[in-house]
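Q: Encoded as structure tokens, here's the structure I'll be asking about.
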Amino acid sequence: MGNMIKFVVLAFFVVTCRCKKLHDDMTDEEIQSVFHVPRNKVPDYEVVPIRSSFRNKNCGGGRITMEMSDESIDLSLDPTEDLLIGENTPIYLSKPNKKFDSGVEYIPVKNGLRNITIYQCPSNRVALVVERRRRGFSMFGVINDRLIRPIPSRLTAAPAGLLGILFGNPRNQILRFGSSYGNDSIEETHHIVMRAAPRPTKIDHVHFGHRRLRKSRGISQLSLPPVIFPEILVVMDNDLFKTQKEDVNTAILYLLSFWNAVDLRYRSMKKPEIRLKIAALVISVEEGGAPYIDNHKLKTTNEGLTQVDADKALMGMGKYFYLDENLPDYDAAIAMTRTDICNMLDSPFVKNICDGTTLGYAYVEGVCKENTADKNTEAVGVVEDNGGFSGIIPAAHELAHLLGVQHDKGECADGGYIMSTQLHHSEKSFQWSNCSKKAFRKFFSTAQASCLLNKPSAIKKNKSGRVLPGKIQSLDEQCEKVFGVGVTKACQHKNTCILLQCQVPGKPFCRGFAAPAEGSTCGPQKHCISGHCVPLQI
């Protein structure tokens, strides 16, 4: 609602900076952080000026526009409903320390999310994380099949200067393009935009591997709840942390962008709705900070490639998190690693070969499951990611296993959906099959899934902090602030939410001067949000 993308066909010359040589000035570390490939494999990309008008996150959404060589995007966004993550979501840095029973020390990060807002548009596959900085903003995430990444801070002045030389002041371009954002401050920051490429693999389709299947025994049936709230503990291991320049702030933004995109896959589920909540973020800043991964690495190839034994890592996670008492409560823990996940093959014909085509590993129906006799929890999973969002679909896939969904079979086997046994690259790979939807509903109706029903306290809305300014001042009152009390009132027109027009005292016409405040009434049971007249949510 209020979220939509409009691809604008411009009738005039589009100013775009196609800058293929920017990476020539990057260090190898910066190239890895932005593109996640070696210097000689940098993909095609553009350096694009993204213009934004992001309002205060307590007052609704905003708008961005960007012009690329092949299309233009005009995007209105509202922030997510404070469900996935909030300013009080715990963030920890982990590192080895033998003084602690677990062998790991967790160091809290203060104010790690203060200037960050998350945006989504499920219908158009938009998942963005915006960080406000002293000079403008930085944007991370995906719009359709495009990845958006900020330019390394060391180089941010170069493209802006280039645009200034070629096309004049970039802020003047906003006026030439005719963007009208009312009285919101307009910012422009250059970003790197590239298409998301299929993950390079040894074979065309990557098998997710076998899962530990368990039959449900004697589980009572419950009525299906309207909303499910899985709380996820997310761990970034040290190898993955290194892909983010070993910078904590960059790693936080990456994790938020990643899980915002995973959450986007679950937003399409209805009856019940699934609303993910990040219970905490853990970032391993030193080798050994995620021992369940680090202790099960193998040197298994002639090239000396390091791999992780998936079976041992998963069992190690189960035992570690069963005993750990340092972290907040959660329903499932998922560890993300840059290291190649593999399954050890052992047969009369194959010895000591670890199959590296696996992208993730998890227990089926693992959430809410603990075994006190074995001192083990099955609410764990491992996902491989290259630091460039390659693991989004595998993460959604593995979490679904934990939530009771097995691989697509029968009539759904060849659909190429999220729960396919092979990783496809198509529209359906972002969707749940009917078989998966039925499996979700079946598991959510069982007593075992009861831990998913509680609405986390951290996502309860603070109503006093969500009052929109248009509820405090009417359109007439907003006009009076300009022309004086009693001498003017607002003019009604179809674009009221884009531009507030007021009667000019002593004149037979109306004058527009700014966008109306967020939440202003624009019709019966409707109000203005992000330039759109949308129905009230009651």
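Q: Only one of these is over 23 Å from the mean Cα position of the chain (by Cα) and not charged (D, E, K, R): ILE353, ILE393. Name it.
A: Only one candidate qualifies: ILE353.
Q: Another question, if that's okay. Looking at LYS299 and the list (1) over 21 Å from the mean Cα position of the chain (by Cα); (2) closer than 30 Å to PRO152 by Cα; (3) among the basic types (Lys, Arg), which single condition is not satisfied?
A: Here LYS299 meets the rest and fails (2).
Q: Next question, about the same structure. Looking only at the stretch 307-359, count how many residues are under 27 Å from ALA280 (Cβ atoms) and in contact (Cβ under 8 Å) with a residue 12 or more places away in the chain.
A: 35
Q: Say whether the condition of being assigned by TED's automatic domain parsing to the domain that holds GLY387, of a type in the set (S, T, N, Q) and under 28 Å from ARG441 (Cβ atoms) is met by at least one residue in the stretch 292-313.
A: There is no residue in the stretch 292-313 that is assigned by TED's automatic domain parsing to the domain that holds GLY387, of a type in the set (S, T, N, Q) and under 28 Å from ARG441 (Cβ atoms).
Q: Within the stretch 213-243, which residues are touching a Gly at 6+ places or on another chain (Cβ under 8 Å) and either exposed (fewer than 15 other Cβ atoms within 10 Å of the Cβ) or at pLDDT below 90 (or both)?
A: Passing the criteria: only THR243.
Q: Does any residue of the stretch 334-343 turn out to be over 21 Å from SER390 (Cβ atoms) and either modelled with pLDDT under 90 or not basic (Lys, Arg) (or both)?
A: No, that holds for no residue.
Q: If you check VAL380, VAL367, which single one turns out to be buried (at least 22 other Cβ atoms within 10 Å of the Cβ), in contact with an Asp or Glu (Cβ under 6 Å, 6 or more places away or on another chain), touching a residue at least 24 places away in the same chain (Cβ under 8 Å) and within 30 Å of SER433 (Cα to Cα)?
A: Selected residue: VAL367, the only one of VAL380, VAL367 that is buried (at least 22 other Cβ atoms within 10 Å of the Cβ), in contact with an Asp or Glu (Cβ under 6 Å, 6 or more places away or on another chain), touching a residue at least 24 places away in the same chain (Cβ under 8 Å) and within 30 Å of SER433 (Cα to Cα).
Q: Quick check on my filter: what residues within the stretch 241-296 are under 19 Å from GLY381 (Cα atoms), over 16 Å from the mean Cα position of the chain (by Cα) and among the polar types (S, T, N, Q)?
A: Listed by number, the residues that qualify are SER284, ASN295.
Q: Looking at the stretch 30-54, which of its residues are β-branched (Val, Ile, Thr) and within 16 Å of THR243 (Cβ to Cβ)?
A: Those that are β-branched (Val, Ile, Thr) and within 16 Å of THR243 (Cβ to Cβ): ILE31, VAL34, VAL37, VAL42.
Q: Residues in the stretch 386-432 that are under 30 Å from LYS245 (Cβ atoms) and β-branched (Val, Ile, Thr): how many?
A: The qualifying residues number 2.
The values are calculated or read from the model by the stated rules, or taken from the named source; none is laboratory data. Keep in mind that this is a model prediction, so the values were computed, not measured. Every residue, glycine among them, receives a Cβ derived from its backbone with ideal geometry; neighbour counts consider all protein chains shown.
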